[in-house]
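Taken together, the values in this text are just the output of simple stated rules run on the coordinates, not laboratory data. Everything numeric in this text was worked out from a predicted model, so none of it was measured. So basically every Cβ, Gly included, is an ideal-geometry build from the backbone, and we count neighbours across all protein chains shown.
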Amino acid sequence: MPTYAYACKDCSHAFETVQSFTDSSLTTCPECQGTLRKKFNSVGVVFKGSGFYRTDSRDTKGSSVAPAAAPAASAPASSGSAAAPAAAS
C-alpha cells in the first residue's frame, strides 16, 4: 500500500499515512480540523546513463541488427608510413 503525505492549509501540520488505492483522500486535519492538501513527492524510479535501447538486454542470436563490418585491410605502403588521403580540389 502506498504512503501519502498531507499538509494542513490552516496550521501547516504535515504528516504521512498509509492508504489503499481505493481509500478516499483525507480532508480534515487531525490537529485543528482544518483543510488538508495532498503533497506530491518525486518519483521513486530514476533512469541514469547514456541511454536505454531495445537491444540492451537481448541476446545477439535473434537480433535483426547486423554487426558493424570490419574495415577493409589496405595494401601495406612501400615506405613503411601511411599515405595521406589526397585532398579534393
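Stretched out fully, how many nm does the piece from residue 18 to residue 1 gain, at 0.36 nm a residue minus the Cα gap? Don't skip to the end; give the middle numbers.
Values: separation 17, 0.36 × 17 = 6.12 nm, distance 0.65 nm.
This chain segment gains 5.5 nm when fully extended.
Report note on the peptides 1-14, 18-31, 35-48: ranked by the mean count of other C-beta atoms within 10 Å, highest first, their order is 1-14, 18-31, 35-48.
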